[in-house]
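First up is the structure itself, then whatever we jot down about it.
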Amino acid sequence: MTASPAEPHASAAFSDRVATMLTRLGDELTCSSSKKNLLERLCELACETLASAASSLLLLDPRSRSYVLVARHGESRRFAYLADPAHPLAIATSSRLRTERVVELEIPDDQDASRWLCIALRRRSKLAGILVVGRLTGVPPFSPEDRLIAEGFGRLASMRLENARLRDEVQRANRIKADFVATLSHELRTPLNIMLGYLNLILEGDFGALSDEQNEVLRKVDRQAHVLFEMVQDTLDLGHLEEDGVPLERREFSLPGLLAGILREARRMPHAPGVELACEVEAGLPSLATDAGKLKIVLRSLVSNALKFTRRGSVTIGARRRAGGIELYVSDTGPGVRRGSFGRIFEPFTQLGDTSTRTHGGLGMGLYVARRITDLLGGTIGVSSRVGVGSTFQVWIPAARTDLQPARLETTRPPTTQEHFS
């Protein structure tokens with residue numbers, strides 16, 4: 001039989017309508033954030049897309065091997081008995097859906113017959129759920145176009161549900177990892193604090209005079225204990241950053257006092273003999289309204305990093321006005337950073353140089369933690385460096401604000417800092 005000229009056109013229009021509808025469905029499903037919202041949205045979209053009065057979403061419970069009703073929309077109570085694993089219709093439908101993507105049913109009731117589409121939701125090749133879409137009495141039956149859209153809907157919903165499940169598993173694994181790391185770090189930090197305290201007392205002469213040889217050995221032990229303590233502290237800082245919703249405790253505070261405290265801590269950090277520590281604060285600086293504790297972590301990381309790589313000369317911490325905020329900086333006379341290495345220094349677990357030959361310890365997380373916290377505070381971090389001369393890390397933080405609300409800081413960023421190398 002020869003097809004009429006109108007048939008190819010009708011087929012193309014049919015395909016276009018199906019493709020357009022499925023594209024919109026894909027966009028809609030991508031926008032759903034939480035799993036609960038996704039399940040409810042699946043039912044709503046099924047009703048809207050297939051012009052139906054009700055929908056129910058049932059997911060397979062692997063323990064009981066039965067289908068559990070997790071979401072519904074419209075008059076879905078009329079279609080809920082698929083959740084009964086002993087119901088003959090539930091048994092027949094789930095059996096057919098193991099090989100078919102869509103099963104259409106006609107269910108008699110008191111007046112007429114309602115029509116259902118049961119759509120398979122799969123995890124890999126196995127049936128993982130059923131999306132039931134129902135039309136009540138007095139409406140047209142489902143068309144071939146409806147069935148095609150239902151098949152595409154099932155594929156999209158299956159992928160979106162699997163992505164949500166995998167995301168939940170990753171988040172659960174991350175929480176377990178974070179809890180383990182935090183517990184281990186706390187347990188390590190307690191005995192380290194005791195060791196460092198006793199080492200300090202011994203080196204100060206509280207337990208009697210030491211010979212030069214004993215003093216030198218104990219100072220080496222003290223330096224390595226501080227290195228270990230910093231690694232534990234970096235691990236704790238990273239664990240806090242990986243938690244959801246890191247809170248900001250913003251308040252106004254005096255910047256010179258914060259810098260003076262960091263300088264006192266820096267004098268106890270491991271560093272080469274003869275390296276000088278200095279502090280420069282521009283006169284008349286305004287107070288800052290930010291999280292002082294988190295800003296201290298940033299500056300402490302930068303100072304520790306500078307002392308680690310500076311073998312002679314000085315390390316300077318300072319503050320000055322810049323572009324509607326305060327720029328804090330840490331300058332050193334260390335080896336500098338080469339152009340090809342700059343993109344890596346703010347990444348986690350990164351240290352420059354070959355791991356078999358480098359002489360500096362640590363986990364390589366200090367600069368990564370500093371960058372993450374600076375972002376959280378609404379600031380920027382950059383570096384200027386000359387190989388063989390030294391480096392200066394700059395942290396820009398917005399100046400004091402009057403709206404000290406507990407919301408996340410929002411601010412206009414300063415002009416982009418250019419990184420200089422030679």
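The values are calculated or read from the model by the stated rules, or taken from the named source; none is laboratory data. Remember, predicted model here, so these are calculated numbers, not experimental data. Note: ideal-geometry Cβ built from the backbone for every residue, glycine included; neighbour counts use all protein chains shown.
Whether any residue in region 360-369 is surrounded by fewer than 14 Cβ atoms within 10 Å (Cβ to Cβ) and at pLDDT below 65 is what I want to check. Lay out the reasoning, then the answer.
Narrowing region 360-369 to residues surrounded by fewer than 14 Cβ atoms within 10 Å (Cβ to Cβ): 360.
Keeping just the survivors that are at pLDDT below 65 gives 360.
Looking through region 360-369, at least one residue is surrounded by fewer than 14 Cβ atoms within 10 Å (Cβ to Cβ) and at pLDDT below 65.
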Only one of (1) under 24 Å from L376 (Cβ atoms); (2) surrounded by fewer than 17 Cβ atoms within 10 Å (Cβ to Cβ) does not apply to A278, and that is (1)
Log entry, pairs with first residue in region 93-109 being over 12 Å from V132 (Cα atoms), second being at pLDDT below 85 and of a type in the set (A, V, I, L, M, F, W, C), beta carbons closer than 6 Å, six or more apart or on different chains, reads E106/A113
Here the residues within region 290-316 that are assigned to a strand (DSSP E or B) and touching a Ser or Thr at 6+ places or on another chain (Cβ under 8 Å) are S314, V315, T316
